[in-house]
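Only one structure is covered here, and it is reproduced in the block below.
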Amino acid sequence: MITIIGATGMIGNALLRRLMEGGVPVRAISREPDQLRQQIVDLAFSSVELCIADANDPESMRRALAGASQLFLALSNNPRQVELETSIIQIAAQEGVKHVVKISSPAYEERSPVAVAKWHADIEQALVTSGITYTILRPYAFMQNLLRLAPTITTQDMFFGCIGDSPCNFIDCRDIADIAAEVMTRFKSVNSIYTLTGSETFTYPQIADKLSILLNRPIEFFNLKPEALRTDLIEHGQMPSWLADHVVEIQTMSTVVSEKPTDTVRRLLGREPRSLDAFLEEYRDAFNRGYNHAMK
Ligand SMILES: NC(=O)c1ccc[n+]([C@@H]2O[C@H](COP(=O)([O-])OP(=O)(O)OC[C@H]3O[C@@H](n4cnc5c(N)ncnc54)[C@H](OP(=O)(O)O)[C@@H]3O)[C@@H](O)[C@H]2O)c1
């Protein structure tokens, strides 16, 4: 039995689909019964076990992990992430879980200004010292993040950042899920850490050019000063301040630490990573004028 914490999330849901299609017994965890049930109904599968649990409630996490041999752990970012994920790992060890696949983030230097990267480093440490076999996946930015730029692209033909023309790694969440499925279905007791990227880096101005061609109208990238971006994300994007800080920190980091692709997806899956062009083409409608983002 594989427990998926984050079964409604971008990677966890793709993993859930892969494992269910392969007939692997899965326990899917969410705090939102209706959302998860709807996703399972959409999939027309009934064999998966649904479990309503919240990382803030250790007893519910114990129920989520009882009898599981493996755990996939992808919790959305929140300021209590270290405490919550560390507690989940401790409960997993107590419940006899044999293997944890954890979604982490790229490891930057010790003095990294990226607070979330530091959180992940602390959680990785708790996992490595837990005694459970681990696979740590360190993906760079998800291609799916680009959908968050869509509201201003659809209404103003522009998007904003503070990343300048620094090359960035992007990876499709479905490639991360494919790797998680691979390591969980062929599980051997080996501790591993993988850094995951697509096959090429792209700058934000290059993405603007790609969108202009795809959408047949000019799309512009506006580079803002970090503080101006932070204010815009909070005031217009309704982001909590810690998340706006994270976006600014991660984009600033990309301007000082050069990003290069890895060949990990190709090595583990024996195929090329999904491409950014294919992703943008698939989600073209979300960037088109008139697209109703409130309906998503
Ligand atoms: N976005 C990126 O580019 C990127 C890059 C590298 C690493 N990462 C890492 O990837 C991880 C996933 O992030 P994401 O934003 O992509 O997540 P996401 O897809 O939004 O999914 C988050 C999942 O966390 C679950 N969750 C949140 N709080 C929970 C709680 N208290 N108890 C139980 N489940 C809870 C949600 O389940 P319910 O809401 O259904 O309960 C949801 O399924 C993060 O740790 C992030 O640092 C992200």
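Looking across region 48-72, the residues that are over 24 Å from MET239 (Cα atoms) and in contact with a helix residue (DSSP H, G or I) (Cβ under 7 Å, 6 or more places away or on another chain) come down to VAL48, LEU50, CYS51, ILE52, ALA53, PRO58, MET61, ARG62, LEU65, GLN70, LEU71, PHE72.
Among the candidates SER76, SER105, the residue that is open to solvent by 40 Å² or more (accessible area, probe 1.4 Å) and within 30 Å of GLU281 (Cα to Cα) is uniquely SER76. Can we say GLN125 is exposed (fewer than 15 other Cβ atoms within 10 Å of the Cβ), of a type outside the set (D, E, K, R) and within 20 Å of the chain's Cα centre (by Cα)? Yes; evaluated as a whole, the condition is true for this residue. Within region 250-285, can you find the residues that are surrounded by 18 or more Cβ atoms within 10 Å (Cβ to Cβ) and in a helix (DSSP H, G or I)? Selection gives ILE250, GLN251, THR252, MET253, SER254, THR264, VAL265, LEU276, PHE279, LEU280.
I'd like to verify a number: residues in region 215-249 that are assigned to a loop (DSSP other than H, G, I, E, B) and among the small types (Gly, Ala, Ser), how many? Steps first, answer last, please.
First, pick out the residues of region 215-249 that are assigned to a loop (DSSP other than H, G, I, E, B): 216-219, 224-225, 236-240.
Still in the list and also among the small types (Gly, Ala, Ser): 237.
Count: 1.
If you go through region 125-175 and pick out every residue that is of a type in the set (A, V, I, L, M, F, W, C) and under 20 Å from GLU235 (Cα atoms), you end up with 10.
Among the residues making up region 183-199, those that are modelled with pLDDT of 95 or more and buried (at least 16 other Cβ atoms within 10 Å of the Cβ) are VAL183, MET184, TYR194, THR195, LEU196, THR197, GLY198, SER199. Checked against (1) open to solvent by less than 30 Å² (accessible area, probe 1.4 Å); (2) more than 9 Å from the ligand (Cβ to nearest atom); (3) farther than 30 Å from SER254 by Cα; (4) hydrophobic (A, V, I, L, M, F, W, C), ALA14 meets all criteria but (3).
Is it true that TYR204 is under 26 Å from ALA92 (Cβ atoms) and either within 13 Å of the ligand (Cβ to nearest atom) or at pLDDT 95 or above (or both)?
Working: under 26 Å from ALA92 (Cβ atoms): no; either within 13 Å of the ligand (Cβ to nearest atom) or at pLDDT 95 or above (or both): yes.
No: the conditions fail for TYR204.
Considering region 17-33, and only residues there that are within 11 Å of the ligand (Cβ to nearest atom) and out of contact with any helix residue (DSSP H, G or I) (no Cβ under 7 Å at 6 or more places or on another chain), the residue that is nearest to GLU85 (Cα to Cα) turns out to be ARG31.
Checking each residue in region 128-161 for being within 16 Å of the ligand (Cβ to nearest atom), under 24 Å from GLU227 (Cβ atoms) and open to solvent by 10 Å² or more (accessible area, probe 1.4 Å) picks out ALA141, ASN145, ARG148, LEU149.
Evaluated against (1) within 18 Å of LEU146 (Cβ to Cβ); (2) at pLDDT below 95, PHE222 falls short on exactly one condition, (2).
I need the full set of residues from region 98-114 which are at pLDDT below 90 and within 13 Å of the ligand (Cβ to nearest atom), in order please.
Within region 98-114, the subset at pLDDT below 90 is 107-114.
Across region 98-114, the qualifying residues are ALA107, TYR108, VAL114.
Would you check which residues across region 169-186 are more than 10 Å from the ligand (Cβ to nearest atom) and in contact with a helix residue (DSSP H, G or I) (Cβ under 8 Å, 6 or more places away or on another chain) and list them?
At the first step, the residues of region 169-186 found to be more than 10 Å from the ligand (Cβ to nearest atom) are 172, 174-175, 177-186.
If the condition is that a residue be more than 10 Å from the ligand (Cβ to nearest atom) and in contact with a helix residue (DSSP H, G or I) (Cβ under 8 Å, 6 or more places away or on another chain), then ASP172, ARG174, ASP175, ALA177, ASP178, ILE179, ALA180, ALA181, GLU182, VAL183, MET184, THR185 are the ones that fit.
The rows are residues; the columns are (1) touching a Phe, Trp or Tyr at 6+ places or on another chain (Cβ under 8 Å); (2) away from the ligand (no atom under 14 Å from the Cβ); (3) open to solvent by 20 Å² or more (accessible area, probe 1.4 Å); (4) not β-branched (Val, Ile, Thr).
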site	(1), (2), (3), (4)
ARG63	no, no, yes, yes
GLU85	no, no, no, yes
ILE89	no, no, no, no
ALA93	no, yes, yes, yes
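When you check LEU36 against the structure, is it open to solvent by less than 30 Å² (accessible area, probe 1.4 Å), closer than 21 Å to ALA117 by Cα, free of Cβ contacts under 8 Å to residues at least 40 places away in the same chain and within 7 Å of the ligand (Cβ to nearest atom), yes or no? It is false that LEU36 is open to solvent by less than 30 Å² (accessible area, probe 1.4 Å), closer than 21 Å to ALA117 by Cα, free of Cβ contacts under 8 Å to residues at least 40 places away in the same chain and within 7 Å of the ligand (Cβ to nearest atom).
The values are calculated or read from the model by the stated rules, or taken from the named source; none is laboratory data. Not measured: the values here are computed from a predicted model. Ideal geometry is used to build each Cβ from the backbone, glycine not excepted, and the neighbour counts take in all protein chains shown. The area values use the complete protein model at the heavy-atom level, side chains included, leaving out ligands, DNA and RNA. Shrake-Rupley method; radii C 1.70, N 1.55, O 1.52, S 1.80 Å.
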